[in-house]
Amino acid sequence: MRDENRAASSAAPLPHRNRQPLPDHSVRVALLDLLAEVGTVTSTQAAARLGHSSGLCSFHLRQLARHGLIEEAPHNGGRARPWQLRWTPSGPPEGEAPAEFAALARGLEDESYQHWLAHREQAPSEWQHDESFSAVLHLTPAEMTELAMSIRGLLADYRERDQRPATRPAGTMAVAAVTRLFPLLGQ
(Lines give C-alpha, C1' and ligand atoms only; values in the text may rest on other atoms or scores of the structure.)
Protein backbone atom coordinates (compact mmCIF):
# COMPACT_ATOMS: atom_id res chain seq x y z
CA MET A 1 0.00 0.00 0.00
CA ARG A 2 1.42 3.40 -0.97
CA ASP A 3 2.03 5.92 1.82
CA GLU A 4 -0.66 8.37 0.68
CA ASN A 5 -3.25 5.56 0.42
CA ARG A 6 -2.29 4.28 3.88
CA ALA A 7 -2.60 7.79 5.33
CA ALA A 8 -5.99 8.31 3.67
CA SER A 9 -7.37 4.98 4.85
CA SER A 10 -6.17 5.48 8.41
CA ALA A 11 -7.82 8.92 8.63
CA ALA A 12 -11.08 7.90 6.94
CA PRO A 13 -13.94 7.22 9.35
CA LEU A 14 -14.97 3.64 9.78
CA PRO A 15 -18.22 2.63 8.05
CA HIS A 16 -21.18 3.18 10.40
CA ARG A 17 -21.85 -0.51 10.96
CA ASN A 18 -18.18 -1.16 11.88
CA ARG A 19 -17.68 1.96 13.96
CA GLN A 20 -16.78 1.23 17.57
CA PRO A 21 -17.89 3.60 20.32
CA LEU A 22 -15.04 5.94 21.11
CA PRO A 23 -13.69 5.13 24.57
CA ASP A 24 -13.86 7.88 27.15
CA HIS A 25 -10.52 9.63 27.34
CA SER A 26 -9.88 13.00 28.92
CA VAL A 27 -7.62 14.20 26.07
CA ARG A 28 -10.25 13.31 23.45
CA VAL A 29 -12.99 15.03 25.42
CA ALA A 30 -10.78 18.11 25.83
CA LEU A 31 -9.99 18.12 22.10
CA LEU A 32 -13.66 17.91 21.13
CA ASP A 33 -14.45 20.67 23.60
CA LEU A 34 -11.66 22.82 22.18
CA LEU A 35 -12.84 22.24 18.61
CA ALA A 36 -16.39 23.17 19.62
CA GLU A 37 -15.00 26.38 21.10
CA VAL A 38 -12.53 27.52 18.43
CA GLY A 39 -13.64 25.82 15.22
CA THR A 40 -10.32 24.52 13.88
CA VAL A 41 -7.13 23.52 15.64
CA THR A 42 -3.80 21.86 14.81
CA SER A 43 -2.14 19.40 17.16
CA THR A 44 0.44 22.06 18.05
CA GLN A 45 -2.27 24.61 18.90
CA ALA A 46 -4.18 22.00 20.89
CA ALA A 47 -1.02 21.06 22.80
CA ALA A 48 -0.40 24.70 23.72
CA ARG A 49 -3.99 25.18 24.90
CA LEU A 50 -4.38 21.88 26.74
CA GLY A 51 -0.89 21.44 28.18
CA HIS A 52 -0.17 18.11 26.46
CA SER A 53 2.48 17.18 23.90
CA SER A 54 1.83 17.81 20.23
CA GLY A 55 2.36 14.10 19.52
CA LEU A 56 -0.28 13.07 22.07
CA CYS A 57 -2.77 15.58 20.66
CA SER A 58 -1.99 14.47 17.11
CA PHE A 59 -2.61 10.82 18.01
CA HIS A 60 -5.97 11.57 19.64
CA LEU A 61 -7.03 13.90 16.82
CA ARG A 62 -6.40 11.06 14.35
CA GLN A 63 -8.41 8.68 16.54
CA LEU A 64 -11.32 11.13 16.64
CA ALA A 65 -11.14 11.39 12.83
CA ARG A 66 -11.02 7.61 12.51
CA HIS A 67 -14.27 7.43 14.48
CA GLY A 68 -15.88 10.06 12.25
CA LEU A 69 -16.18 12.83 14.85
CA ILE A 70 -13.72 15.26 13.25
CA GLU A 71 -12.12 15.80 9.85
CA GLU A 72 -9.21 17.68 8.37
CA ALA A 73 -10.10 21.32 7.75
CA PRO A 74 -9.22 22.93 4.41
CA HIS A 75 -5.68 24.32 4.46
CA ASN A 76 -2.91 25.51 2.17
CA GLY A 77 -0.70 22.44 2.40
CA GLY A 78 2.40 22.26 4.54
CA ARG A 79 2.91 20.13 7.61
CA ALA A 80 0.25 21.79 9.79
CA ARG A 81 -2.98 19.77 9.73
CA PRO A 82 -5.93 21.75 11.06
CA TRP A 83 -8.92 19.71 12.24
CA GLN A 84 -12.60 20.61 12.61
CA LEU A 85 -15.73 18.96 13.95
CA ARG A 86 -17.49 16.90 11.32
CA TRP A 87 -21.13 16.97 10.36
CA THR A 88 -23.06 16.88 7.13
CA PRO A 89 -23.46 20.31 5.56
CA SER A 90 -26.93 19.48 4.23
CA GLY A 91 -28.40 19.82 7.72
CA PRO A 92 -29.90 22.86 9.44
CA PRO A 93 -29.69 26.43 8.14
CA GLU A 94 -26.35 28.20 8.34
CA GLY A 95 -25.51 29.25 11.87
CA GLU A 96 -27.41 26.37 13.49
CA ALA A 97 -25.64 23.25 14.68
CA PRO A 98 -27.21 19.89 13.87
CA ALA A 99 -29.07 18.21 16.73
CA GLU A 100 -26.33 15.56 17.03
CA PHE A 101 -23.68 18.24 17.43
CA ALA A 102 -25.78 20.14 19.96
CA ALA A 103 -26.24 16.95 22.00
CA LEU A 104 -22.50 16.23 21.80
CA ALA A 105 -21.69 19.78 22.90
CA ARG A 106 -24.07 19.57 25.89
CA GLY A 107 -22.56 16.22 26.87
CA LEU A 108 -19.04 17.66 26.65
CA GLU A 109 -20.09 20.66 28.72
CA ASP A 110 -21.53 18.36 31.39
CA GLU A 111 -18.48 16.10 31.33
CA SER A 112 -16.08 19.06 31.48
CA TYR A 113 -17.92 20.43 34.51
CA GLN A 114 -17.85 17.07 36.28
CA HIS A 115 -14.12 16.82 35.52
CA TRP A 116 -13.67 20.31 37.01
CA LEU A 117 -15.54 19.38 40.18
CA ALA A 118 -13.47 16.21 40.60
CA HIS A 119 -10.12 17.95 40.01
CA ARG A 120 -10.51 21.56 41.11
CA GLU A 121 -7.95 21.11 43.91
CA GLN A 122 -5.29 20.72 41.18
CA ALA A 123 -5.90 24.26 39.95
CA PRO A 124 -3.89 27.18 41.36
CA SER A 125 -5.55 28.44 44.55
CA GLU A 126 -6.93 31.60 42.91
CA TRP A 127 -8.74 29.38 40.37
CA GLN A 128 -10.28 26.85 42.78
CA HIS A 129 -13.75 28.42 42.66
CA ASP A 130 -16.30 28.74 39.92
CA GLU A 131 -19.10 31.13 39.17
CA SER A 132 -22.04 28.79 38.72
CA PHE A 133 -25.52 30.21 39.05
CA SER A 134 -29.00 29.75 37.74
CA ALA A 135 -32.27 31.62 37.77
CA VAL A 136 -35.85 31.03 36.74
CA LEU A 137 -37.07 33.92 34.62
CA HIS A 138 -40.50 34.60 33.16
CA LEU A 139 -39.89 35.61 29.55
CA THR A 140 -41.64 35.76 26.22
CA PRO A 141 -40.01 33.89 23.31
CA ALA A 142 -38.77 37.22 21.94
CA GLU A 143 -37.27 38.16 25.32
CA MET A 144 -35.53 34.80 25.58
CA THR A 145 -33.98 35.37 22.13
CA GLU A 146 -32.98 38.91 23.11
CA LEU A 147 -31.39 37.69 26.34
CA ALA A 148 -29.43 35.01 24.44
CA MET A 149 -28.17 37.63 21.98
CA SER A 150 -27.10 39.88 24.86
CA ILE A 151 -25.16 37.06 26.51
CA ARG A 152 -23.48 36.19 23.20
CA GLY A 153 -22.55 39.86 22.84
CA LEU A 154 -20.95 39.90 26.28
CA LEU A 155 -18.95 36.76 25.51
CA ALA A 156 -17.85 38.06 22.08
CA ASP A 157 -15.73 40.72 23.79
CA TYR A 158 -13.56 37.90 25.18
CA ARG A 159 -13.64 35.46 22.21
CA GLU A 160 -11.15 37.56 20.23
CA ARG A 161 -8.48 36.56 22.75
CA ASP A 162 -8.79 33.02 21.47
CA GLN A 163 -7.82 34.02 17.93
CA ARG A 164 -5.18 36.52 19.10
CA PRO A 165 -3.33 35.13 22.14
CA ALA A 166 -1.17 38.27 22.35
CA THR A 167 -4.26 40.19 23.51
CA ARG A 168 -4.71 38.00 26.59
CA PRO A 169 -3.84 39.67 29.89
CA ALA A 170 -1.34 37.91 32.12
CA GLY A 171 -2.88 35.21 34.27
CA THR A 172 -5.68 34.23 31.91
CA MET A 173 -6.86 30.65 31.69
CA ALA A 174 -9.40 29.03 29.37
CA VAL A 175 -12.79 29.21 31.11
CA ALA A 176 -15.95 27.43 29.98
CA ALA A 177 -18.97 29.72 29.74
CA VAL A 178 -22.15 27.65 29.47
CA THR A 179 -25.57 29.22 29.15
CA ARG A 180 -28.77 27.30 28.55
CA LEU A 181 -32.05 29.09 28.12
CA PHE A 182 -35.02 26.74 27.81
CA PRO A 183 -38.70 26.77 28.79
CA LEU A 184 -39.68 24.87 31.92
CA LEU A 185 -42.57 22.73 30.70
CA GLY A 186 -45.38 21.57 32.94
CA GLN A 187 -44.96 24.34 35.49
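The values are calculated or read from the model by the stated rules, or taken from the named source; none is laboratory data. Source: prediction; values computed, not measured. We place every Cβ from the backbone using ideal geometry, glycine too, and count neighbours over all the protein chains shown.
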I need the full set of residues from region 42-76 which are among the hydrophobic types (A, V, I, L, M, F, W, C) and closer than 17 Å to V29 by Cβ, in order please. A46, A47, L50, L56, C57, F59, L61, L64, A65, L69, I70
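Can you go through A30, A46 and tell me which one is of a type in the set (G, A, S), at pLDDT 85 or above and under 30 Å from G171 (Cα atoms)? Show your work before the answer.
Numbers: A30 fails: at pLDDT 85 or above.
Just one listed residue meets the conditions, A46.
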Output yes when any residue across region 142-159 is in contact with an Asp or Glu (Cβ under 6 Å, 6 or more places away or on another chain) and assigned to a helix (DSSP H, G or I), and no when none is. no
Looking at region 75-119 only, could you name the residues that are at pLDDT 80 or above and touching a strand residue (DSSP E or B) at 6+ places or on another chain (Cβ under 9 Å)? R81, P82, W83, Q84, L85
Hits in region 157-182 (condition: at pLDDT 85 or above and surrounded by fewer than 11 Cβ atoms within 10 Å (Cβ to Cβ)): P169, A170, G171
Please determine, by comparing only the residues of region 36-52 that are under 12 Å from D162 (Cβ atoms) and not small (G, A, S), which one is surrounded by the most Cβ atoms within 10 Å (Cβ to Cβ). V41
Residue by residue through region 98-129, note down the ones that are acidic (D, E) and surrounded by 13 or more Cβ atoms within 10 Å (Cβ to Cβ). E109, E111
